[in-house]
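Reviewing the structure listed below.
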Amino acid sequence: MITRYLSTARAVVAAALLALMTSAPSAHAHEGSATLVACAGTVAADYSPGLTYAARSTAVRSKAVVGCPVSADPTLTSATFGGNSTGTLSCLLGPAKGTLTFRWNNGTSSTASITSLAAVRPNGNMVTISTGTITSGKFTGAAVVTEVTLLASSVRACLTPQGLTSASGPTTVTIVGPTKAHHDG
């Protein structure tokens, strides 16, 4: 099951990256792009107020721990990251905007501005894809894509009066940037 999930997650991330790279012209497009970091791990999210099936203004706070088996920087092997975003959200779908801050194991950090879109899949899992740009720190200017899957067992809380106030699940992070860019942090 994990292997099937990872294959699906990779396909979704690849499609999101392709859409991101083809929809926004890059100042460095002539230099080519490469995966700078690819990570996987777990994320926990808190929603205030809780998510229900009626869309309403909601604040989201997330925190994740990931390992990074693919990295252009050999000293970078893991990270913690977290963020805050707001949007008009429900348990079915909704867009949000916010920031993510990555704290890399090698002492560097990155901050990204992101736009997220959540949707429920046929199996009941809620999947959120976030795309954006690293705005400061390591990998400044690179594109970032995260995928979060909140498992169907958590989504059942959407039917309660308080709604879904917290959930957790697997996450992936991919950072793609120009191959000749300066990536110090």
Next on the checklist: For a test of the definition: using alpha carbon positions, the gyration tensor, and the 1.5 limit on a/c, classify the range 55-148 as rounded, prolate or oblate.
Outcome noted: prolate
Item to check | Highest to lowest packing among 126-136, 103-113, 156-166, scored as the average C-beta count within 10 Å | outcome: 126-136, 103-113, 156-166
Checklist entry - Picking from Val60, Ala143, Thr165, whose Cα lies most toward the positive end of the charge dipole for the range 52-185 (charges on Cβ: Lys, Arg +1; Asp, Glu -1)? => result Thr165
Checklist outcome for this item: Placing each pseudo-label 7 Å from Cα in the direction of the beta carbon, Asn106 and Val70 end up separated by a distance in nanometres of 1.7
Checklist outcome for this item: Plugging the Cβ-Cβ distance of Ser153 and Ala59 into 1/(1 + (r/R0)^6) at R0 = 25 Å yields, to the nearest 0.05, a FRET efficiency of 0.60
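Each value in this text was obtained by applying a stated rule to the coordinates, not by laboratory testing. Because the structure is predicted, anything quoted here is derived from the model rather than measured. Here Cβ is always computed from backbone atoms with ideal geometry, including for glycine, and neighbour counts include all displayed protein chains.
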